[in-house]
Structures are given as C-alpha cells and as structure tokens.
1. Out of all the residues in the stretch 470-488, is one or more modelled with pLDDT under 95, part of a helix (DSSP H, G or I), open to solvent by less than 50 Å² (accessible area, probe 1.4 Å) and of a type in the set (F, W, Y)?
2. Listed residues A372, A437; which is part of a helix (DSSP H, G or I) and either surrounded by fewer than 24 Cβ atoms within 10 Å (Cβ to Cβ) or within 24 Å of the chain's Cα centre (by Cα) (or both)?
3. In the stretch 263-277, which residues are out of contact with any Gly (no Cβ under 7 Å at 6 or more places or on another chain) and not in a helix (DSSP H, G or I)?
4. For the stretch 181-211, which residues satisfy the criterion of being under 12 Å from the mean Cα position of the chain (by Cα), among the aliphatic types (A, V, I, L, M) and open to solvent by less than 10 Å² (accessible area, probe 1.4 Å)?
5. Can you name the number of the only condition in (1) at positive phi; (2) touching a Pro at 6+ places or on another chain (Cβ under 9 Å) that N423 fails?
6. Output yes when any residue across the stretch 448-455 is of a type outside the set (S, T, N, Q), at pLDDT 95 or above and open to solvent by 10 Å² or more (accessible area, probe 1.4 Å), and no when none is.
7. When you go through (1) of a type in the set (D, E); (2) in a loop (DSSP other than H, G, I, E, B); (3) on the phi < 0 side of the Ramachandran plot; (4) touching a helix residue (DSSP H, G or I) at 6+ places or on another chain (Cβ under 6 Å) one by one for D364, which number turns out not to apply?
8. Are there helices (runs of 4 or more DSSP H) fully within the stretch 49-146 with at least 3 residues that are among the hydrophobic types (A, V, I, L, M, F, W, C), modelled with pLDDT of 90 or more and open to solvent by 80 Å² or more (accessible area, probe 1.4 Å)? List them.
Amino acid sequence: MAACSLFQASPCSLNPKSKSLHQNPRNHRHYLSIRSCTSSPPSSDASITNHSSSKSTSPKHHRRPADENIREEARRHHTSDNNHGFSAKYVPFNADPSSTESYSLDEIVYRSSSGGLLDVQHDMEALKKFDGEYWKSLFDSRIGKTTWPYGSGVWSKKEWVLPEIDSDHIVSAFEGNSNLFWAERYGKQMLGMNDLWVKHCGISHTGSFKDLGMTVLVSQVNRLRKLNRPVVGVGCASTGDTSAALSAYCAAAGIPAIVFLPANRISIAQLVQPIANGAFVLSLDTDFDGCMQLIREVTAELPIYLANSLNSLRLEGQKTAAIEILQQFDWEVPDWVIVPGGNLGNIYAFYKGFQMCKELGLVDRLPRLVCAQAANANPLYLHYKSGWGEFKPVKANSTFASAIQIGDPVSIDRAVFALRNSNGIVEEATEEELMDAMSQADLTGMFICPHTGVALSALIKLRNSGIIGPTDRTVVVSTAHGLKFTQSKIDYHSKEIPDMACRFANPPTNVKADFGSVMDVLKKYLLSKNH
C-alpha cells in the first residue's frame, strides 16, 4: 500500500478548484494540504489538521478523555456529517437521460418500476465543486488513521459512498485498505512481466472482498432501524463469502441475519463463519441460483432486507477497491485490472470506482477491465464470445471456484455495461487451469483462493496471446483468502482430484525418523534444486 503522509498546512487560501496543487502525480504527497479559508473540507474530518514541518510550531494532539470512545470523539468533533449537501439516490440502471424515476436510499426498493436493476447515483455537480487534487488529498490524508469512521478503506471515501448517513449509524470493522503487492517472482518467471500486482481483497475482516459492500449495506439497515422502518433482519443467498460478511456485520450491529446456503456446496471454513457469528442458517437442497430465487420470494413477503448484490448499495462499498488501487499507485492508472466474475456485481463496481475518479478529475483514463469466469459457470464468457448477442443463462456445474458457481447472474447488464465502456475482455478457465494457476502462484509465495486462480488463468491466456504486454501494469484482484479453501489445496497436493494431473503438487515426503534416512532425502532434494 502506498504510505500515508501528513500534509503541511498552507498559509494562504486554496480555492477548491485551484490547480496550484501538486502537478506531478508521483510527488503529490509532498505538496500543500487541502485546508482552505474559503472552502472547508467536504467532511469535518478530525484527522485532517494543520501540520508544519517545524517541530516548534506543530500543534499539540491530546488523547481523547479516557471515558470517551472514538465514536463519541467523532461526534464531538463533527457538528455536521454532510455540510456540503452531498447526496445520492436510487435510479434505474443505465436509464434514458429523460427518465425522472428515482428513490431515496431510505426506501426499501431493489428494482425499478420496469423490473430492471437500480443504481446509486451521486450528485456529481456537488462533488465537482471540489477538484481532483482536492479529493486525492482528502482521501490520502485518512489512510492509516483510527478516526471514526475514516479508518475504514470504504468510509475514508464516505462522500462518494453514502454521503448522507450519520457516522453514528455506520457499522464498520475498518475493512478495506487491503494489500496491493508486487508479484515479482510469479510475474517474471511465469509470465515475463515486471509490473504484475495482486490486490488482495481477501485480507479483510471476514476474509473476502464482500466486507467492502456489506459495511455499507448493514450501515444503511442500521440507519433504517434507527428511523423505525419495518426491518426485522437482513437476509442473503450465498455460496459462502456473502454469508460470512453479512453475519459478521449484523452481529456487530445486533441485527438478525438470515442466510440461505446450498447444501454441501461450500467449504467448511465458509459454512462455519455465519454459524459462529450467530446467523440463522438454512441449508437448502439446491444450488446458488435456487437459493437466490427463494430469498427474493421471502424478502418480498417478510420485512427482511435483501443483502445480495441485486441490492446496489453493496456496489458502493466494493467500488472503493478501485479507488484504493489508484491511491496505491500514487494516482497512476494501471493498464489492466482482472476480476473474477460470478454474480457480476464486482466487475461493475470496479468500473464505477474508476469512472468516478475519471469524471471527478482524479485520473484521465480508465484501465481495461477483464472479467474471468470458471468454464463450468461461464454465461458472461459465452455472451461475450457471441458478440454480445442474446444473453442465455446456463446451468452452473461444480467448480473449485465455488463462489462464482453462478449460471444466471443478477448483474449481467451491469457487467456488460462495464466491459463495453472499458474496452474490456472476458476469459474463462477450466478446473485444471485454475487449480494449476492457483498452485503455481502459491509456490511463489502467495496463498490464494481458486477464484484468484481463475483470474490468473485469464492473465496467462491474455499474456500468451500477446494481448497483455510484458511491460503492461496489470492488477489481478484476489477476492478471498486462501485459508477458506484449504480442502481444495489439500486435494490438489495429495493428487486426489479425479482426471487432474496436479502438475504442481508438493506432497510431504514420508521418511524414517533416523539421521541417515533424513540425510539421504535431503541430499537428493538439494541436488535437484541445483540443476
């Protein structure tokens, strides 16, 4: 992650549209703060303070009173959470510009009047009152802090996420701010690339990127309940990670969570998370698509808030991972971003994050997006190969990338929009390809999930075909932690997967517990490494 810097205070006024700030994006952290006499920051952020390079003039920072917590401290400092009038609302996704249909975020609505998807639309004109350099400095100034709620990678972008929610209603585990690491050995030795990066969104509170969206959704539910709206709980269908994130955040807020899981189709690690967090778990004899159909029917009849990615609130949190990538590259745009795709909300979320940064002047272009699917659950890939002809759902077959085992994705229209507007590509990976890619990456020091193996497989194919060049800056999004999928790794390294060669298996060597036997196998091993 790009390091956090403190910003020096300017003795003069800075207009929010001023272009005098850091012209070189690589050196932007060495310039002046966004503090202005003519226009205060978009949020009364206690973490943005005047700093001087002189020790003698540095302000004194006092620890909050011992009987005060960080939420109370934030309440004391922030007289208004939204004194610039930023706002957001639901509108029909990709609606005609003449459409006037819209809904308050405080309404419980998941579809437009025509039955289509909804999108969260921000008041861009209000946000544009502050230029790109202003937003960069504001977001960068919050990194690494514990100030409520800005210690979260999601809520550090609060003005672009849920600008109208009171910080008192936010439910956060300080998610986000996930590692973007240079995959040096894998890139160089396997692909001949020197600028390959992995955005490890699985380094999060519950071990997957789903936390980014769930903090937003559960925070809004918490707000609705504080407003005495009829919401008795939150429900989701899940192949594992969504249920873990929902259960954790609902537990933190004291809100009942209801989870529909396909029986015997998720890992034990994924199943135990919602159970441990106290969710009411229904194990159903169907697949994810069947669970999704049932939860939609149930939430239409009972006052249970739907938490699946059909709900566009979650995408507002997930888009912050794209903004984080730009921050971590000092606001330089990578050439490619590769995202595993199942229900397909995430690829649109990344597009939306990058597009907001472009529209608000933080960057001047978008990266090309790649959506990677498992060949056993590849409706988007087939749609792409048909030249975006008529979309046809498929029956998803079993895949080690269980979280993307989805044949009828809810966000298909969002994904197509994102890919067409970013000159994007869709690729697929067979079971053997994704498991080999995962295992090969692990052997270079990573420990990734099968879904990241799908993304790496797509990268391998695009690199081998010459579409991705050796010097292209490429980011692979890792969506979950490898510890959630240890059984698949055990099966691979034990060579117990039927009809799979498991070329990179590394099983333990059984040896007698005596010095001579140990020396013999060690000498053989070391000799093999010297050739």
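The values are calculated or read from the model by the stated rules, or taken from the named source; none is laboratory data. Not measured: the values here are computed from a predicted model. Counting neighbours? That spans all protein chains shown, and the Cβs are built from the backbone with ideal geometry, glycine included. The protein model used for the area step is the full one, side chains on, heavy atoms only, and it has no ligands, DNA or RNA in it. Shrake-Rupley method; radii C 1.70, N 1.55, O 1.52, S 1.80 Å.
1. Taking every residue of the stretch 470-488 in turn, at least one turns out to be modelled with pLDDT under 95, part of a helix (DSSP H, G or I), open to solvent by less than 50 Å² (accessible area, probe 1.4 Å) and of a type in the set (F, W, Y).
2. A437 is the lone residue from the list that is part of a helix (DSSP H, G or I) and either surrounded by fewer than 24 Cβ atoms within 10 Å (Cβ to Cβ) or within 24 Å of the chain's Cα centre (by Cα) (or both).
3. A263, N264, R265, N277
4. Matches in the stretch 181-211: none.
5. N423 satisfies all of (1) at positive phi; (2) touching a Pro at 6+ places or on another chain (Cβ under 9 Å) except (2).
6. No, the conditions are met nowhere in the stretch 448-455.
7. Every condition holds for D364 apart from (4).
8. It comes to none.
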